[in-house]
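Notes follow once the structure below has been shown.
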Amino acid sequence: MRSRVQTITPERAAQLLAANTTNRPVSKAVVRSFAQAMRRGEWMVTHQGIAFDTRGVLVDGQHRLAAIIEADVPVEVTVFTEVGEGTFDVLDTGKRRSGADVLAIEGEKSSTMLAAMVRTVWLYENRPELNWSGGAAAVSNHQIVHTLQRHPKLREYVGVGEQLAGATGMIKSAAGASSYLVAQANRRADLTPWFEGVNDGAGLVKSDPRLLFRRVMFNMARRHAGQALRRRDTREHVGLYLTAFNAWATGTPISQLRFAPRDTVPPIAQVS
C-alpha cells in the first residue's frame with residue numbers, strides 16, 4: 001500500500017468518483033457537512049483520505065470526493081493506492097469522535113455538558129432564527145473547539161446550568177449556555193437577583209418574569225414526564241429563558257411567556 005498527499009480539484013474528484021463501484025449509499029448530510037468545513041477552510045490533511053484497491057477501484061472516500069465537488073474548492077487529501085482487496089469490510093467501523101470526545105482529549109472537565117453548552121452558544125450566535133436540530137444545524141468539532149476558545153468563561157457556567165436545571169427542570173446545557181450569555185451581555189451589572197430568583201422563586205410577585213419562567217419550565221417538565229419519547233427542545237428553552245430575562249432586565253411585567261418554533265431567539269437586553 002502506498003500513500004501521498006495530493007490536491008484534489010472538483011474536476012479530479014468527479015473523475016475519481018467514476019471508480020466508485022463498491023461503496024455504501026451516499027449520505028447527503030455527511031457530504032453537506034464535509035463541504036461546509038471545506039468552504040470554511042477547516043479541512044485538514046490527516047491519515048484519513050481516499051483509497052483505491054489493487055484494481056483501481058475506490059474503496060474509501062466517496063463522501064470526501066463528493067464534498068469537494070459540492071464545495072467547489074480544491075482540497076488536499078491523503079490518497080492511498082494498492083490497498084489490499086477484502087479490506088472494505090473493516091473500513092469506517094470505528095467510533096466517530098464527538099465534540100465531547102475532543103474536549104475530553106483536550107483535558108476539559110465535564111466534557112459532555114461543556115460541549116453541549118458550546119454548541120448552544122454557537123447556534124445562538126449563528127442560527128437564532130433557524131432550527132437547531134437536524135443535519136443543517138450540525139456544529140463541527142472544529143467549531144466546538146474554536147467557540148470555546150472565544151468563550152473560555154463558559155467553563156464557569158457548567159455548575160450554574162446544573163443548579164438551574166435541578167431547580168426548574170430546564171435542559172442542563174441550555175441553562176448553562178443561557179446563563180453565560182446573559183452574564184456576558186451584562187458584564188457590569190449585578191445579576192445576582194436574576195439568578196437567585198429563577199433558582200429559588202421565593203417572594204416573587206405574580207407578574208415577575210422570573211416566577212413566570214419557573215412556572216412555564218415546571219409545566220413543560222410535567223408534560224415531558226408523561227411523554228418520555230418526545231425530545232426536549234434546547235432552542236425553545238433558550239428562547240424562553242432569554243425572553244424572561246429581557247422582561248426582567250427592562251422591568252417589564254408579563255402575564256404570559258411563550259416561544260414558538262418560528263420565533264427568533266431574541267437578542268439579550270441590557271439591565272436597566
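Return the residues of the stretch 246-272 that are closer than 23 Å to Ala137 by Cβ and either among the β-branched types (Val, Ile, Thr) or in the same structural domain as Ala167 (by TED's automatic domain parsing) (or both); say none if nothing qualifies. Those that are closer than 23 Å to Ala137 by Cβ and either among the β-branched types (Val, Ile, Thr) or in the same structural domain as Ala167 (by TED's automatic domain parsing) (or both): Thr264, Val265, Ile268. Being among the small types (Gly, Ala, Ser), surrounded by fewer than 22 Cβ atoms within 10 Å (Cβ to Cβ) and within 26 Å of Gly41 (Cβ to Cβ) is a condition met by at least one residue of the stretch 139-150. Can we say Val30 is over 25 Å from Val145 (Cβ atoms), outside the structural domain of Asn141 (by TED's automatic domain parsing) and surrounded by fewer than 17 Cβ atoms within 10 Å (Cβ to Cβ)? So Val30 does not fit the description; no.
Just the residues that are of a type in the set (Val, Ile, Thr) and surrounded by fewer than 23 Cβ atoms within 10 Å (Cβ to Cβ), please, taken from the stretch 235-248. Correct list: Thr243 only. If you check Gly84, Gly99, Gly134 for being at pLDDT below 90 and surrounded by 22 or more Cβ atoms within 10 Å (Cβ to Cβ), only one passes: Gly99. Of the numbered conditions (1) surrounded by 14 or more Cβ atoms within 10 Å (Cβ to Cβ); (2) out of contact with any Asp or Glu (no Cβ under 8 Å at 6 or more places or on another chain); (3) under 20 Å from Val121 (Cβ atoms), Gly176 fails exactly one; give the number of that condition. Of the numbered conditions (1) surrounded by 14 or more Cβ atoms within 10 Å (Cβ to Cβ); (2) out of contact with any Asp or Glu (no Cβ under 8 Å at 6 or more places or on another chain); (3) under 20 Å from Val121 (Cβ atoms), the odd one out for Gly176 is (2).
Cβ-Cβ contacts under 8 Å between residues 6 or more apart (or on different chains), taken from a first residue in the stretch 1-21 that is assigned by TED's automatic domain parsing to the domain that holds Ile68 to a second residue that is assigned to a helix (DSSP H, G or I) and surrounded by fewer than 16 Cβ atoms within 10 Å (Cβ to Cβ), are absent.
Residues are listed down the side, and each one gets a yes or a no for (1) among the basic types (Lys, Arg); (2) surrounded by 13 or more Cβ atoms within 10 Å (Cβ to Cβ); (3) under 22 Å from Ser140 (Cα atoms):
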site: Thr9; (1), (2), (3): no, yes, no
site: Arg12; (1), (2), (3): yes, yes, no
site: Gln15; (1), (2), (3): no, no, no
site: Pro25; (1), (2), (3): no, no, no
site: Gln36; (1), (2), (3): no, yes, yes
site: His47; (1), (2), (3): no, no, yes
site: Arg55; (1), (2), (3): yes, no, no
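From the list Gly161, Gly135, Gly176, the one residue that fits, being among the small types (Gly, Ala, Ser), within 19 Å of the chain's Cα centre (by Cα) and closer than 30 Å to Val31 by Cβ, is Gly135. Residue selection: Tyr180 fails the criterion of being out of contact with any strand residue (DSSP E or B) (no Cβ under 7 Å at 6 or more places or on another chain), over 26 Å from Arg262 (Cα atoms) and not β-branched (Val, Ile, Thr). Within the set Ala185, Ala202, the sole residue that is out of contact with any Leu (no Cβ under 7 Å at 6 or more places or on another chain) and surrounded by 14 or more Cβ atoms within 10 Å (Cβ to Cβ) turns out to be Ala185. Among the residues making up the stretch 4-44, those that are modelled with pLDDT under 85 and in contact with a strand residue (DSSP E or B) (Cβ under 8 Å, 6 or more places away or on another chain) are Ala19, Asn20, Thr21, Thr22, Asn23. I'd like to check something: does the stretch 211-219 contain any residue that is closer than 19 Å to Ala167 by Cβ and touching a His at 6+ places or on another chain (Cβ under 8 Å)? Checked against the condition, which is being closer than 19 Å to Ala167 by Cβ and touching a His at 6+ places or on another chain (Cβ under 8 Å), the stretch 211-219 yields at least one hit.
The values are calculated or read from the model by the stated rules, or taken from the named source; none is laboratory data. Since we're looking at a predicted model, the values are computed, not measured. In this analysis, Cβ positions are derived from the backbone assuming ideal geometry, glycine residues included, and neighbour counts consider all displayed protein chains.
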